[in-house]
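Asks: Pasting a structure here, questions to come.
The values are calculated or read from the model by the stated rules, or taken from the named source; none is laboratory data. Since the structure is predicted, the reported quantities are computational estimates derived from the model, not experimental observations. As a convention, Cβ positions derive from the backbone with ideal geometry for all residues, glycine included, and neighbour counts pool all protein chains shown.
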Number of protein chains: 2
Amino acid sequence: MSILVVGSMAYDTVETPQERRERQLGGAATFFALAAGADAEVRVVAVVGHDFEPSHLELLTARGVDLAGVEHADGPSFHWSGRYHADFIERDTLATELGVFADFRPQVPEAWRASEYVFLANIHPSLQRQVLEEVETPRLVALDTMNLWIETTREELLGILPQVDVLMVNDSEARLLSGERSLTAAAETIKGFGPSRVVIKKGEHGAVLFGRDSVLSVPALILPDVKDPTGAGDSFAGGFMAALARADADRNSDDAPYRAAMLDGTVTASFVPEAFSVEGLIACEDGAAATRLATLRTMMIP
Amino acid sequence: MSILVVGSMAYDTVETPQERRERQLGGAATFFALAAGADAEVRVVAVVGHDFEPSHLELLTARGVDLAGVEHADGPSFHWSGRYHADFIERDTLATELGVFADFRPQVPEAWRASEYVFLANIHPSLQRQVLEEVETPRLVALDTMNLWIETTREELLGILPQVDVLMVNDSEARLLSGERSLTAAAETIKGFGPSRVVIKKGEHGAVLFGRDSVLSVPALILPDVKDPTGAGDSFAGGFMAALARADADRNSDDAPYRAAMLDGTVTASFVPEAFSVEGLIACEDGAAATRLATLRTMMIP
């Protein structure tokens, strides 16, 4: 099965209370693609600049990720710089240098137009719309967004939500988008905008699926050490979408595969904060995910 | 079975973004006792002032709570005043008037010395110790505390923890007490202080049991409307302890009854934020808890 993602491939400068890392590999599409794993045919639509290291592209292709939709543009790659607070939840953005992303017009290669699963990572809604227009009848579309787009491009965002099956946002974004404080009310309001399912990510507090007929709350795995949570949300989405694709689920499936996919997303995301950049994801050995899935189940089943 | 609680009976002035309520019935022992319910023989050791309304005492006795350990002192009752932030998680204490609580010396009635279950609600550790010295071989002792005591009376607190079986605190308190950021590490450190089990309460993010051999993460029920979360933590403790008592559990039991009790605590606590003061707890009708328990299970079991 094929999973298409559009989103950033970037360099991140990350400061934590313990450490600072300059220009490490990052970007929503990067994390998503690595997290979705080698089982699926993962296709990336993105743009990189002249400074994007070939070794970073090779890292992705070596793991089976198809980069035929990655444009190579003249200019610097997208660069995000941020500082985490002591709680590793709050963070301040210190700089956002769009670089080649400023003029990015995503183009879905002809051969990818029939992609089955589509993840619109957190980018300007007009770019998300462009990709949606270039794919034909996908089986499932999921979308992530952020406070910036909810505040500045609300109408454009609302314009594409009817074509989205699963909205994946964090709790503050869900509240901002819906105008509701209660997550139940927020999810109901968002469903009224189009998506039939809403996944609300809460970082170390886990994630909640508001399915068609049911709700599932999944705790995050409790990590002994957190180094850098950047990319955990996109990796959750990668694990989640890959699980849905493996289960051959589509928008008309009942909640069961979505509930199961929440656990896969949680387990996949759990490898990210333990190391900087994508290191935790790529260091993850065979069997480690199965062990964590078993642990997660014992944390959940009373 | 008998459950003894020592803690505050108080009046609370609560401000939320929507509303302000003056001098409503509150206090950890009040919430705990009402939450522990009519099944158990609930015994309260506390002090009230001359201004404590007889109708509030009757409210408790009518629900089977034994107030023989409540001292009536000359002076004003304990009064807490606080303001909740928009998120209903953070709150600022505006005033703490100890009143008769300042000179409180808890006395356990002779007939209560063989109480089986003991909950030391959040008060000065020296008062918690005094009660512990006056009970004989309880089957289980649980203790709550707060940042103030962890910071100002740390040695006294550490002095009684070896006699405590279950420490029940919120996440910031667990971190402060242990000096660990990770909740796993925090729970391990706290177990080293004495308690064999640690319950970490996280408000709307649920609660985590660090049992003897297992961990269970329980989400909070998602409420459509929050009015006043004051007392939810103590009500969690009441539901939790009552469930342990019903299950005839003691400190040597395996984790199973503790895991089950986490759900009872969660369900009991869920009635509190929906109304001011103890109104949600006392309005809870027969069958409502069973319905919520079923909902909670569908939210937890993948």
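Conditions tested, residue by residue: (1) within 25 Å of residue A:90 (Cα to Cα); (2) in contact (Cβ under 8 Å) with a residue 24 or more places away in the chain; (3) more than 10 Å from chain B (Cβ to nearest Cβ).
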{"position": "A:150", "(1), (2), (3)": "yes, yes, yes"}
{"position": "A:172", "(1), (2), (3)": "yes, yes, no"}
{"position": "A:179", "(1), (2), (3)": "yes, no, yes"}
{"position": "A:185", "(1), (2), (3)": "yes, no, no"}
{"position": "A:197", "(1), (2), (3)": "no, yes, yes"}
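Asks: Taking only pairs six or more apart or across chains, which ones have beta-carbon atoms under 7 Å, a first residue in the range B:274-302 that is under 17 Å from residue A:211 (Cα atoms), and a second residue that is surrounded by 13 or more Cβ atoms within 10 Å (Cβ to Cβ) and of a type in the set (Gly, Ala, Ser)?
Replies: Between residues of the range B:274-302 that are under 17 Å from residue A:211 (Cα atoms) and residues that are surrounded by 13 or more Cβ atoms within 10 Å (Cβ to Cβ) and of a type in the set (Gly, Ala, Ser), the close pairs are B:298/A:214; B:299/A:217; B:300/A:217; B:302/A:260.
Asks: If you don't mind, another one. May I ask you to list the residues in the range A:154-175 that are surrounded by fewer than 24 Cβ atoms within 10 Å (Cβ to Cβ) and either in a strand (DSSP E or B) or not aliphatic (A, V, I, L, M) (or both)?
Replies: A:154, A:155, A:156, A:159, A:162, A:163, A:165, A:170, A:171, A:172, A:173, A:175
Asks: Got at least one residue in the range A:50-62 being part of a strand (DSSP E or B) and within 20 Å of the chain's Cα centre (by Cα)?
Replies: The answer is no, given that none of the residues of the range A:50-62 is part of a strand (DSSP E or B) and within 20 Å of the chain's Cα centre (by Cα).
Yes/no per residue for (1) buried (at least 23 other Cβ atoms within 10 Å of the Cβ); (2) modelled with pLDDT of 95 or more; (3) within 22 Å of residue A:268 (Cα to Cα); (4) touching a strand residue (DSSP E or B) at 6+ places or on another chain (Cβ under 9 Å):
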{"residue": "A:148", "(1), (2), (3), (4)": "no, no, no, no"}
{"residue": "A:191", "(1), (2), (3), (4)": "no, yes, no, yes"}
{"residue": "A:212", "(1), (2), (3), (4)": "no, yes, no, yes"}
{"residue": "A:233", "(1), (2), (3), (4)": "yes, yes, yes, yes"}
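Asks: Can you tell me which residue among B:78, B:88 is crowded, with 16+ Cβ neighbours inside 10 Å and at pLDDT below 95?
Replies: None of the others qualify; the one that does is B:88.
Asks: Taking the condition of being assigned to a loop (DSSP other than H, G, I, E, B) and either of a type in the set (Asp, Glu) or within 14 Å of chain B (Cβ to nearest Cβ) (or both), how many residues in the range A:244-267 meet it?
Replies: 5
Asks: Scan B:67, B:25 and give me the residue that is in contact (Cβ under 8 Å) with a residue 60 or more places away in the chain, more than 14 Å from chain A (Cβ to nearest Cβ) and either among the polar types (S, T, N, Q) or touching a Ser or Thr at 6+ places or on another chain (Cβ under 9 Å) (or both).
Replies: That would be B:25, the only listed residue that is in contact (Cβ under 8 Å) with a residue 60 or more places away in the chain, more than 14 Å from chain A (Cβ to nearest Cβ) and either among the polar types (S, T, N, Q) or touching a Ser or Thr at 6+ places or on another chain (Cβ under 9 Å) (or both).
Asks: Within the range A:224-243, is there a residue that is under 26 Å from residue B:263 (Cα atoms) and within 12 Å of another protein chain (Cβ to nearest Cβ)?
Replies: Keep residues of the range A:224-243 that are under 26 Å from residue B:263 (Cα atoms), which gives A:224.
With within 12 Å of another protein chain (Cβ to nearest Cβ) added as a condition, the list becomes A:224.
For the range A:224-243, residues under 26 Å from residue B:263 (Cα atoms) and within 12 Å of another protein chain (Cβ to nearest Cβ): present.
Asks: Go through the residues of the range B:105-116 one by one and say whether even a single one is surrounded by fewer than 14 Cβ atoms within 10 Å (Cβ to Cβ) and among the acidic types (Asp, Glu). Please lay out each step first, then the result.
Replies: Here is the first cut: in the range B:105-116, the residues surrounded by fewer than 14 Cβ atoms within 10 Å (Cβ to Cβ) are B:105, B:110-111, B:113-114.
From the residues that got through so far, the ones that are among the acidic types (Asp, Glu) too are B:110.
Yes, the range B:105-116 contains a residue that is surrounded by fewer than 14 Cβ atoms within 10 Å (Cβ to Cβ) and among the acidic types (Asp, Glu).
Asks: Residue check: is residue B:89 assigned to a loop (DSSP other than H, G, I, E, B), closer than 18 Å to residue B:9 by Cβ, touching a residue at least 40 places away in the same chain (Cβ under 8 Å) and out of contact with any Lys or Arg (no Cβ under 6 Å at 6 or more places or on another chain)? It would help to see each step written out before you state the result.
Replies: Details: assigned to a loop (DSSP other than H, G, I, E, B): yes; closer than 18 Å to residue B:9 by Cβ: no; touching a residue at least 40 places away in the same chain (Cβ under 8 Å): yes; out of contact with any Lys or Arg (no Cβ under 6 Å at 6 or more places or on another chain): yes.
Against the criterion (assigned to a loop (DSSP other than H, G, I, E, B), closer than 18 Å to residue B:9 by Cβ, touching a residue at least 40 places away in the same chain (Cβ under 8 Å) and out of contact with any Lys or Arg (no Cβ under 6 Å at 6 or more places or on another chain)), residue B:89 does not qualify.
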